[in-house]
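> Encoded as structure tokens, here's the structure I'll be asking about.
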Amino acid sequence: MAENLQVNYNASKEDIYQEILPQIESVISSEENYTANLANICAILDTAFNHLWTGFYLKDGNTLVLGPFQGPLACTRIPVSPVPRGVCGAAAVTQETQLVADVDKFPGHIACSSASKSEIVVPLIHNNEVEAVLDIDSAQTDTFDHIDAKYLEELMQIIKTKHFNK
Ligand code: SME
């Protein structure tokens, strides 16, 4: 069922996260399909923040494969082992959120788009394995901070509880 998203664009970033997280929980509560829910989560984040690229990469053997996203054409596969590539590969191997203020200063950054200037990648960890990462790219440097990390990690917990903790 389609729903109308409520976003106060004049609010602070933190207030917008606090506004949309319950709406995300509500939207995914009535649907069991993982792909469908990730797709709507991308749509909600994109509507709320309108970053350059917002999407998921999903574990597929030794790589991450492109999942639901909003934004320009993206790389399909990112190696994780034996040699991780890019910010997504780093998030998968360290199992920690990667905050990259300037992608040109991140060794091995994968430039899917030359317009991307900063990036955050947040892993979803289940049973000590990274099942997915959420990757958000910005056309400006220094876009993401601990507030994004806090709420996007909360979002990954919501997805994990819904789709992995069964
Ligand atoms: N920049 C990412 C690759 C994915 S695209 O940005 C959509 C990385 O370095 O892992």
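> Determine which member of the set 161, 141 is free of Cβ contacts under 8 Å to residues at least 60 places away in the same chain and in contact with a strand residue (DSSP E or B) (Cβ under 9 Å, 6 or more places away or on another chain). Show your work before the answer.
On the way: 161 fails: in contact with a strand residue (DSSP E or B) (Cβ under 9 Å, 6 or more places away or on another chain).
Testing whether each residue is free of Cβ contacts under 8 Å to residues at least 60 places away in the same chain and in contact with a strand residue (DSSP E or B) (Cβ under 9 Å, 6 or more places away or on another chain) leaves just 141.
> So residue 19 passes all but one of these: (1) away from the ligand (no atom under 16 Å from the Cβ); (2) surrounded by 19 or more Cβ atoms within 10 Å (Cβ to Cβ). Which condition number does it fail?
Unmet condition: (2).
> Among (1) modelled with pLDDT under 95; (2) under 19 Å from residue 160 (Cα atoms); (3) small (Gly, Ala, Ser), which single condition is residue 39 missing?
Condition (1) is where residue 39 drops out.
> Which members of segment 10-49 meet the condition of being within 14 Å of residue 158 (Cα to Cα), part of a helix (DSSP H, G or I) and charged (D, E, K, R)?
25
> I need the full set of residues from segment 104-118 which are near the ligand (Cβ under 7 Å from one of its atoms) and hydroxyl-bearing (Ser, Thr, Tyr), in order please.
113, 116
> Something else: For segment 119-152, which positions are among the aromatic types (Phe, Trp, Tyr) and within 14 Å of the ligand (Cβ to nearest atom)?
At the first step, the residues of segment 119-152 found to be among the aromatic types (Phe, Trp, Tyr) are 144, 151.
Scanning segment 119-152 gives a single hit, 144.
> Residues that are more than 7 Å from the ligand (Cβ to nearest atom) and on the phi < 0 side of the Ramachandran plot: which strands (runs of 3 or more DSSP E) entirely in segment 63-103 hold 3 or more of them? If you could, list the steps in order and put the result at the bottom.
Numbers: elements: 63-70, 77-79, 98-100.
Once the strands (runs of 3 or more DSSP E) in segment 63-103 are filtered for at least 3 residues that are more than 7 Å from the ligand (Cβ to nearest atom) and on the phi < 0 side of the Ramachandran plot, what remains is 63-70, 98-100.
> Still on this model: Restricting attention to segment 87-104, which residues are more than 19 Å from residue 129 (Cβ to Cβ), under 15 Å from the mean Cα position of the chain (by Cα) and either surrounded by fewer than 20 Cβ atoms within 10 Å (Cβ to Cβ) or not β-branched (Val, Ile, Thr) (or both)?
Across segment 87-104, the qualifying residue is only 99.
The values are calculated or read from the model by the stated rules, or taken from the named source; none is laboratory data. What you are looking at is a predicted structure, and each value in this text was computed from that prediction instead of being measured. Please note: Cβ atoms are built from the backbone with ideal geometry, for glycine as well, and neighbour counts cover all protein chains shown.
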